[in-house]
Amino acid sequence: MSSARADRVRSGIPELDKMLNGGYMRGDSVLLAGSAGTGKSTMGLQYLIQGAKDGEAGIYLTFEEMPDQLYRDAKNFGWDMKKLEEDGKLRVICTSPDVLMEPGGLEAILEDPIKRLGARRIVVDSLSHFNMFMKPDSLRLQVYRNVMFFKTKGLSSMLIWEASQSPGMSFTISEEGISFLADCIVVLKLIEIESALRRGVVVMKMRGSPHDRRLREYEIASGGIKVAGSFENYEGLMGGTPTKASSERFAELFRKSTEK
Ligand SMILES: Nc1ncnc2c1ncn2[C@@H]1O[C@H](COP(=O)(O)OP(=O)(O)OP(=O)(O)O)[C@@H](O)[C@H]1O
Ligand SMILES: [Mg+2]
């Protein structure tokens, strides 16, 4: 795909765009969930870098990293965020969640940068920081306010959520009751297969669009996240207890029997 379809926004990961039938739907709120170190921030940045290329300026709203560290990590992937900021294609906003939680806080922080930049995309890294300050009911309300505000401003948004997962265990992202607020949910998982920890991405839901339902393997490499093939030969990966599919088991038994 050389150019974006008008109704889609590209993720920056061509294979993921294929899984999404062309990209995220324009104006949608995407929930990106995954456990620690799965590459959520990387995927968020990659989404904004693609936006800059597609003429869709973006805001990275972070409660997470110190800016210097963020710029350095991005540079390691070959992304010059300082340059993009100078060119008016990106804006990094570092703030504390309690500032946003005050009445009118969201508008006070974002109204002006959105206008100046003509922003079309936003990444929030991460919603889990709100979680430290509030009970589930207030969290839901806060997330709802965010989502509605972004929609009013015509922004396509990516909301990062740190979901707990220990290797080999399944996890649920509906615990906090926020998944229904998202139009699309993408989950990053660590999967233990034959004593090695591998990474898998799955599109759990996408309102109003067909999408790939398979768990696909991805890697974090020099240019960012790359999605590869599916784990076709394994069953039960989402539940955390991968077993080889019967066809694969059969092939293995067959091989063994012919080796003798
Ligand atoms: N330049 C790089 N090249 C290859 N892999 C990298 C590079 N930088 C980071 N990684 C990998 O990416 C992982 C972290 O990515 P990232 O910070 O995006 O994850 P995260 O899900 O946001 O983590 P956290 O939960 O800490 O916020 C690292 O653990 C490392 O494996
Ligand atoms: Mg992160």
For this session: Specify the residue that is surrounded by the most Cβ atoms within 10 Å (Cβ to Cβ); the eligible residues are those in region 56-85 that are out of contact with any Lys or Arg (no Cβ under 7 Å at 6 or more places or on another chain) and assigned to a loop (DSSP other than H, G, I, E, B).
Result: Trp79
For this session: Could you grab me the full set of residues in region 43-69 that are in contact with a strand residue (DSSP E or B) (Cβ under 6 Å, 6 or more places away or on another chain), within 15 Å of ligand 1 (Cβ to nearest atom) and at pLDDT 95 or above?
Result: Met43, Gly44, Gln46, Tyr47, Leu48, Tyr60, Leu61, Thr62
Problem set entry | All positions within region 110-131 that are in a helix (DSSP H, G or I) and either acidic (Asp, Glu) or away from ligand 1 (no atom under 16 Å from the Cβ) (or both) | Leu110, Glu111, Asp112, Pro113, Ile114, Lys115, Arg116, Leu117
Exercise. Which of the residues belonging to region 122-138 are within 20 Å of Cys94 (Cα to Cα) and either without any contact (Cβ under 8 Å) to a residue 24 or more places away in the chain or crowded, with 18+ Cβ neighbours inside 10 Å (or both)?
Worked result: Ile122, Val123, Val124, Asp125, Ser126, Leu127, Ser128, His129, Phe130, Asn131
Exercise. If you go through region 146-172, how many residues are at pLDDT 95 or above and either farther than 15 Å from Val186 by Cα or acidic (Asp, Glu) (or both)?
Worked result: 10
Problem set entry | Residue in region 1-22 that is nearest to ligand 1 (Cβ to nearest atom), counting only those that are closer than 13 Å to Ser157 by Cα and surrounded by 22 or more Cβ atoms within 10 Å (Cβ to Cβ) | Ser11
Problem set entry | Hey, Glu15 among the acidic types (Asp, Glu), away from ligand 2 (no atom under 16 Å from the Cβ), under 20 Å from the mean Cα position of the chain (by Cα) and closer than 29 Å to Arg198 by Cα or not | yes
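The values are calculated or read from the model by the stated rules, or taken from the named source; none is laboratory data. This is a predicted model, so every value here is computed, not measured. Backbone-built Cβ (ideal geometry, glycine too); neighbour counts: all protein chains shown.
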